[in-house]
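Here the structure comes first, spelled out in C-alpha cells, and everything after it is commentary.
Rule-based calculations on the coordinates, nothing more; no lab input. Every value quoted in this text rests on a predicted model; they were computed, and no experiment measured them. Cβ placement follows ideal geometry from the backbone for every residue including glycine, while neighbour counts extend to all protein chains displayed.
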C-alpha cells in the first residue's frame with residue numbers, strides 16, 4: 001500500500017500541475033463556443049463527429065445550461081445572464097452543418113449562429129484548399145430561425161490584420177448587398193477570419209471605428225477566454241475553440257474556464 005501511494009501521489013501531483021485549470025474555480029461570464037465542421041465520424045482540429053457534438057449538447061442540456069441567441073445579446077446589452085449561459089457559433093457555413101448540426105439543434109432546442117463567408121456561399125472552402133462544400137442560399141432559407149441565425153465571416157474570407165481598411169469596408173458592403181439580394185436576414189456580428197485583427201495602438205481603434213460605421217455591432221475573435229458581462233469591448237468578443245481532437249474533459253474545462261492551463 002505504501003509503495004502504491006509513493007507511486008500514485010507524485011503522478012497525481014504532476015497531472016494537476018500540468019493541467020492546472022482543472023483545479024481552478026469556474027469563471028463567471030459568457031462562454032462563446034467556436035465550431036467549424038461536423039462529420040459522420042471524423043474528429044480533427046476543425047471537425048467534430050456528430051457523436052461528439054451530441055455528447056457535448058447532451059451535457060449542456062443535462063447540466064442546466066441556457067443556450068442564448070446572439071440576437072438577444074446584441075439587442076439587450078444589459079441582459080441579466082442566466083447562471084449557466086452559453087453561446088454557440090459555427091464558422092464557414094459548411095454543408096455538414098445542415099446535415100448534422102441542424103438536427104441536433106432541433107433535438108435539444110438549442111440555437112447557433114452560423115458565420116457566413118458570403119462570397120463562398122454555394123461553393124467550397126477555397127481558402128483551405130480542401131474542396132469541402134458550403135451551404136447554398138436554398139439551404140440557408142430552409143433552416144428555421146428558432147434554431148439558426150446568421151452572422152458575417154467576410155465576403156472573401158480575408159485576414160483583417162493584413163488587409164487595407166478600404167478593402168475591409170468594401171468587403172463588408174459586398175456582404176450586405178449580396179445577402180440583401182438573396183433575402184437573407186443576418187445579425188450585425190462579424191467573426192474575424194483566422195481570429196486576426198489589427199492590434200497596434202491607433203490602428204485597432206481605427207478598425208473598430210470602421211466596423212461601427214459599417215453597421216457592425218459585435219466583432220468576434222478567438223482568445224479562448226470567458227467574456228466578462230456586460231462586455232468590456234464589443235469588438236473583441238473572445239471565443240473558445242472547440243476541437244474534435246480534444247477529449248471530453250477538455251471540453252468541460254473550456255466551457256467552465258475558457259482554457260486548459262498548463263504550467
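On a 0 to 90 degree scale, rounded to 10, what angle separates helix 248-257 from the longest Cα axis of the chain? Here the helix axis deviates by roughly 70 degrees. Which whole-angstrom value gives the distance between the alpha carbon centres of the range 129-165 and the range 184-199? First find each Cα centre; the distance between them is then 10 Å. Each label was represented as a point 7 Å from its Cα along the Cα-to-Cβ direction; for residue 58 and residue 181 these points are 4.5 nm apart. Adding -39500 (n - 2.57) for every DSSP H run of four residues or longer, then dividing by how many residues the chain holds, sets the calculated 222 nm ellipticity at -10000 deg cm²/dmol.
For the chain, give me the percentage of DSSP beta bridges that are antiparallel, rounded to the nearest 5 percent.
10 percent
Shape of the range 202-263 from the C-alpha gyration tensor: prolate (a/c of 1.5 or more and a/b above b/c, with a ≥ b ≥ c the square roots of its eigenvalues).
Centre-to-centre, using Cα atoms only, the range 70-98 and the range 41-66 are separated by 16 Å. As I understand it, the value is the acute angle between the Cα axis of helix 165-181 and the longest principal axis of the Cα atoms of the chain; what does it come to in degrees, rounded to 10? Approximately 80 degrees, to the nearest 10.
Would the range 122-263 count as rounded, prolate or oblate if I go by the C-alpha gyration tensor, calling it rounded below 1.5 in a/c and otherwise prolate when a/b exceeds b/c, oblate otherwise? Intermediate results must be reported in sequence, preceding the final value.
Numbers: a/c = 1.62, a/b = 1.16, b/c = 1.40.
Here the range 122-263 falls in the oblate category.
Choose one answer from 152, 116, 187: the residue with the largest mean-square fluctuation in a GNM of the chain with alpha-carbon springs under 10 Å. In the Gaussian network model the winner is 187.
Please work out whether the range 54-213 counts as rounded, prolate or oblate from its C-alpha gyration tensor, where a ≥ b ≥ c are the square roots of the eigenvalues and a/c under 1.5 means rounded, while otherwise a/b larger than b/c means prolate and anything else oblate?
In terms of gyration-tensor shape, oblate.
Between residue 76 and residue 231, full extension at 0.36 nm per residue minus the direct alpha carbon distance yields a gain of 54.7 nm. Kindly list the residues of the range 111-141 that lie in the label zone of residue 170, defined by a backbone N under 16 Å from the point 7 Å along the Cα-to-C-beta vector. From the range 111-141, the list is 119. Taking the range 90-113 and a reference point 7 angstrom along Cα→Cβ of residue 51, the backbone N atoms nearer than 18 Å belong to 100-101, 104.
Counting only alpha carbon atoms, the long axis of helix 203-213 and the longest principal axis of the chain meet at about 60°.
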